[in-house]
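Here the structure is laid out as structure tokens; the discussion comes afterwards.
The values are calculated or read from the model by the stated rules, or taken from the named source; none is laboratory data. Here the structure is a predicted model, which is why all the values come from computation and not from measurement. Cβ placement follows ideal geometry from the backbone for every residue including glycine, while neighbour counts extend to all protein chains displayed. Remember, those area values only see protein heavy atoms, side chains included, never the ligands or the DNA or RNA. Shrake-Rupley method; radii C 1.70, N 1.55, O 1.52, S 1.80 Å.
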There are 2 protein chains.
Amino acid sequence: MNAGADLAGFAAGLRFEHIPGEVVRKTEDLLVDWFASAVAGHGSRPVTAISSFAQAMGPQQGAAEVITTRRRSSPYFAAMANAAASHVAEQDDVHNGSVFHPATVVFSPALAVAQALGASGRQLLAACVAGYETGIRVGEFLGRSHYKVFHTTGTAGTLAAAAAVGNLLGLDAQQMRHAFGSAGTQSAGLWEFLRTGADSKQLHTAHAAAAGLLSAYLAKDGFTGADRIFDGPQGMAAGMSSDADARKLTDGLGTRWATAETSFKYHASCRHTHPAADALAAVMIEHALKPADIARIVTHVHQGAIDVLGPVVDPVTVHQSKFSMGTVLALVAHYRHAGLPEFEEHFRDDAIVALRDRIEMERDPEVDGAYPRRWIGKVTVHTVDGRTLRGRVDEPKGDPGNTLSRDEITAKALQLAAFSGGATEAEMRAAVQRLWQVAHWPRVDALLPLPPAGEGRGEGA
Amino acid sequence: MNAGADLAGFAAGLRFEHIPGEVVRKTEDLLVDWFASAVAGHGSRPVTAISSFAQAMGPQQGAAEVITTRRRSSPYFAAMANAAASHVAEQDDVHNGSVFHPATVVFSPALAVAQALGASGRQLLAACVAGYETGIRVGEFLGRSHYKVFHTTGTAGTLAAAAAVGNLLGLDAQQMRHAFGSAGTQSAGLWEFLRTGADSKQLHTAHAAAAGLLSAYLAKDGFTGADRIFDGPQGMAAGMSSDADARKLTDGLGTRWATAETSFKYHASCRHTHPAADALAAVMIEHALKPADIARIVTHVHQGAIDVLGPVVDPVTVHQSKFSMGTVLALVAHYRHAGLPEFEEHFRDDAIVALRDRIEMERDPEVDGAYPRRWIGKVTVHTVDGRTLRGRVDEPKGDPGNTLSRDEITAKALQLAAFSGGATEAEMRAAVQRLWQVAHWPRVDALLPLPPAGEGRGEGA
């Protein structure tokens, strides 16, 4: 029994024809949603630092598109830059059961390699499903103990990227095993940066995309990796988990489509804040509350939310504030939605800070027991006039049972582009319109037009 | 108290004038020894795979030298390729106390960046000492529990590379802290590959050199990292060690020069085999034994040797055989030295395999207690005529108290180049001769001449 080998065989062998139609459509939705998140990274300081590095160290030309700058590079550097870009707005997708953000570490390397190879749209979609199915199962395999210290998107992300790129490169099952070995032994990403709101989250996704791509190319060239990188005595589980379960690596392979379980993000914050945010919004609407009516709020959460959000008590940057439960709920109390403009313009407002500091998290047995498969939101609102109001959501907005329509995905994409200035409305509409047809593309070309001077778009101020 | 911040401040502030003369001379020795190991990587299959990737994904020109191909690239890819090359022959240096191979992850990125910046020889040397002092202390900090699962050269290597490159880039103390945060959160490398003799060791050093370099460049550009990447509640120790000790990060900073404690490798095998190899050689010489006289051998070792070498019972590749205690001792019994030609030509000989299978490892309390600060070698040889002979060395050849002279380092360099074909004897002699003068170089240029056609040297068959 070697579950890792079975997963590698699946990732190598997956073809477009094997994937149910509704999973293909969901993958198209996820691709458009990812593209919008990449455009949203335009002008972000950490993203600009990584794309500037890629430009300085990489070739000045190439077949792969850096979405935020419109420059071209090699697939390696385009994957690195686009993965950094698509994770910064905290609007990219998430898979609940694995607490893993697949899009940024799957589409970034897959698009870059597909552009370099001239692959078809269907080849791109199949490769991305291979990446989703792999990365999600690796995240589930690594378990909750892993997530307490490690950023699963960074760690499982190397495997997801290797699976997607390896599928595009046509690796056979044995080569894919080697690619997984190389990817797993580069697996990295620690939560420690959150404490001071440092930039590492973008580095984690950039690293995962680049390291996974490297692993797949090396395997194609005969480079070998560990045979049991997941469950061997000195493998990933031995080093980075105390509750890993190898059966999860192959759970329902080919019948259960984990890709379709992926959630879209409605709020522009850490996913751990979303269930409570939606529950609070429901209370506010049901009881016609105003922010001034609120004395304090208790959110009833799973332990993972406390682990990740607990250290963030006084966020000093926009990005850090997206990991502050208090900030997110205070924004929702004022604006019903914690989107990019709300964070950017209001996260340090006096009213937001004052309410933020009256919001606490408590571990809730029911919520914790359902997690990570279900992300239940429960809040208790104590009003200044002495009432105790309770709110609950069973599926936060964006989850498969409460998903975004194609119109909502398009609207979100237009908002993200408008916010970052990464593309004009016309460019964005045209790109999204084309992307809905990706399954019919004979070859994957650039998603956005080159700028007139062929000079790349400036980033930042 | 933040030991990581103190270490970062030291690495940022270290200048040539601060370093004692004997440490400078040792660093020159280590540089020459590293260069020879990089040349020794010429033609190796996994090295060629990584350098081919670097060439495909990187620029075709640049200021940094890829030693095995004589091509030029950006510092990022030259660092990656040279780090892969200099760790494959298992002849690069090792620091006993940290069980860490500094040269490959320090000189590779530092040379590449020094060439790109036009730094002086003294700047290069100071940066490399910063890298050694940092990487060794991080290895000691991570401890023995870490080394049971993680390849410390890969994990601590990201920090060593960041320190060296950050010093060359002129990072201030705060920027170096950020560079350490970015490097530590990319820290990776699992021993699992050894079980099947896979190629990951070269990937680990390539990854560490590249990720550390990236971290330093990003910090220069304002990119931030975790403040307490070493000992924070979700930092490296929390994720990857159960016996980490933060005091070791700053142990004797500026007075104890860990660089000078580094050992050269005499045998071309895993360092864990060297004490026993030298002890066996002593027995063979003292008692004028022939291989046919030996019934069986017991080596008395530290637990770390069993952890790393234990899984290797029937090596099928030259590289894997360097992690087989039995193979190494069988070669020493036959040839007195387990060098590159002995492995390449004889590791699967019937006589070697037959003796190999009669050699066992036993944990020895004295040896284990002294480890890792001292690597004592003890063997018991049982002869076919019924004698029990014991051998012992307290400092294996290459350790500071039993070091290699400059003539021996030069001879080793010429042997490595001749073995790999990576440079002619004349080229190698000229390069080594120049390198002994590195402290007087106004700027660091290429170590080897470009080939006549400007085409790069072919690698492999």
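A few notes on this one:
- Efficiency of FRET between B:R25 and B:A295 - r from beta-carbon atoms, R0 45 angstrom, step 0.05: 0.50
- Spatial separation of Cα centroids for the stretch B:335-379 and the stretch A:294-309, in angstrom: 57
- Each part gets one Cα centre, and for the stretch A:96-132 versus the stretch B:392-456 those centres are 45 Å apart.
- At R0 = 51 Å, FRET efficiency that the Cβ-Cβ distance of A:V353 and B:A446 yields, to 0.05: 0.35
- Remark: label point of B:Q61 defined 7 Å out from Cα along the Cα-Cβ vector; separations to the same position in other copies 1.3 nm, ascending.
- When shorter helices are ignored and each DSSP H run of at least 4 residues is given -39500 (n - 2.57), the per-residue value for chain A at 222 nm works out to -16000 deg cm²/dmol.
- Virtual paramagnetic centre 7 Å along Cα→Cβ of B:E17, amide N under 18 Å, in the stretch B:109-127: B:120-127
- Pairs of Cα atoms nearer than 8 Å and 6+ residues apart set the relative contact order; for the stretch A:110-228 it is 31 percent.
- When you count the other C-beta atoms within 10 angstrom of each residue and take the mean per peptide, B:142-154, B:242-254 line up highest first as B:142-154, B:242-254.
- Å² per residue, accessible surface of the stretch B:271-397 at 1.4 Å: 39
- Loop-located trypsin sites (Lys or Arg not before Pro) in the stretch B:285-374, at most 13 other Cβ atoms within 10 Å (DSSP): B:R373
- Legend: mean number of C-beta atoms from other chains within 10 angstrom of residue C-beta atoms, peptide A:141-150, equals 2.
- Take A:R443, push a point 7 Å out from Cα through the beta-carbon direction, and compare it with the same point in every other copy: 4.2 nm, smallest first.
- Judged by the ratio a/c of the largest to the smallest principal axis of the C-alpha gyration tensor, the stretch B:271-397 counts as oblate, that ratio being 1.5 or greater while a/b is no larger than b/c.
- In this assembly, the A-B interface accounts for approximately 4600 Å² of buried accessible surface in total, computed with a 1.4 Å probe and without ligands, DNA or RNA.
- Burial of accessible area (probe 1.4 Å, heavy atoms of protein chains only) in the stretch A:164-189, relative to its chain alone, reaches at least 50 Å² for A:T185, A:Q186.
- A Förster radius of 25 Å combined with the Cβ-Cβ distance from A:D172 to A:Q60 puts the calculated FRET efficiency at roughly 0.15.
- For chain B, the share of accessible area belonging to carbon and sulfur comes to 51 percent (1.4 Å probe, ligands and nucleic acids excluded).
- Heavy-atom accessible area, 1.4 Å probe, ligands and nucleic acids excluded: residues of the stretch B:192-207 down by at least 40 Å² from chain alone: B:E192, B:R195, B:D199, B:L203, B:H207
- Solvent-accessible surface of the stretch B:47-100, averaged per residue with a 1.4 angstrom probe and all protein chains in place: 17 square angstrom.
- Net +/- balance of residues flanking B:V379 in space, Cβ distance below 9 Å, scoring K and R +1, D and E -1: +3
- Listed pairs B:K265/B:K322; A:K201/A:K248; B:K26/B:K220; B:K322/B:K412; A:K26/A:K412; A:K248/A:K412 exceeding 22 Å between Cα atoms: A:K201/A:K248; B:K26/B:K220; A:K248/A:K412
- Position B:G252, label points 7 Å along Cα→Cβ, spacing to each other copy in nm (shortest first, one decimal): 5.8
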